[in-house]
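Notes to accompany the following structure.
The values are calculated or read from the model by the stated rules, or taken from the named source; none is laboratory data. Quick caveat, the model's predicted, so the values are computed rather than measured. Heads up, the Cβs are rebuilt from the backbone with ideal geometry, glycines too, and the neighbour counts pull from every protein chain shown.
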């Protein structure tokens, strides 16, 4: 279940954040389904990705079947060690100060156009090391919104996102943090609370993590004080 829009980015970002691609070259092509036996709506609901024969998406032994959903909780990689096994390294320091980071959700808010209409969507916004807003994506699921942002970065050859910061409109759960680390993002700024596993993971990889961000103020959870 997802909010339609930026579906190619969603598919590409999901592949990257789940460790099913090693680099941009692993993804040969990605498009909506062209099966003529399906209705136009059904075609739009299917993304077809073509990867190289030795990509992790082909060779990795899956412990579970992947399903993109709007659900909360740990529905992706289930432990910190998996990130290390995938080759994820400690992230670099963000290009912004803590005070500047605390203002990012307010800078993202005017771009949440679908939220303005529905009041029911989450958003993820990517900011470059100077604090410039690069892209905002919305979705009923927080995880999906982040995958769309990561997919945008992948398709525009921006990965790894060293020095970049990610603002999210909701809770800073583990899955959000692991997606950010997989993309090399330096800081995550959550409007609501992080989970204890999210904090532990952020500290393990040197990710700057702020939560309870309101009106330019925030609580800093990582690095550890």
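Report whether or not residue 213 is at pLDDT 95 or above, touching a helix residue (DSSP H, G or I) at 6+ places or on another chain (Cβ under 7 Å) and at negative phi.
Judged against the criteria, residue 213 is a match.
Consider residue 204 against the criteria (1) touching a strand residue (DSSP E or B) at 6+ places or on another chain (Cβ under 8 Å); (2) in a helix (DSSP H, G or I): it satisfies all of them except one. Which criterion is unmet?
It is condition (1) that residue 204 fails.
Go through the stretch 107-122 and report how many residues are closer than 25 Å to residue 183 by Cα and either modelled with pLDDT under 90 or in contact with a helix residue (DSSP H, G or I) (Cβ under 6 Å, 6 or more places away or on another chain) (or both).
Of the residues in the stretch 107-122, 2 are closer than 25 Å to residue 183 by Cα and either modelled with pLDDT under 90 or in contact with a helix residue (DSSP H, G or I) (Cβ under 6 Å, 6 or more places away or on another chain) (or both).
So residue 153 fits all but one of (1) in contact with a helix residue (DSSP H, G or I) (Cβ under 7 Å, 6 or more places away or on another chain); (2) buried (at least 23 other Cβ atoms within 10 Å of the Cβ); what number is the exception?
(1)
Which of the residues belonging to the stretch 158-199 are over 21 Å from residue 11 (Cα atoms), in a strand (DSSP E or B) and touching a residue at least 60 places away in the same chain (Cβ under 8 Å)?
Within the stretch 158-199, 165, 187, 189 meet the criteria.
Search the stretch 53-78 for residues being more than 17 Å from the chain's Cα centre (by Cα) and surrounded by 11 or more Cβ atoms within 10 Å (Cβ to Cβ), and hand back the single one that is modelled with the lowest pLDDT.
Only one residue tops the list, namely 60.
When the residues of the stretch 25-48 are filtered to those that are modelled with pLDDT of 95 or more and assigned to a helix (DSSP H, G or I), which remaining residue is surrounded by the most Cβ atoms within 10 Å (Cβ to Cβ)?
This residue is 26.
Taking only pairs six or more apart or across chains, which ones have beta-carbon atoms under 6 Å, a first residue in the stretch 35-51 that is under 19 Å from residue 25 (Cβ atoms), and a second residue that is part of a loop (DSSP other than H, G, I, E, B)?
48/33
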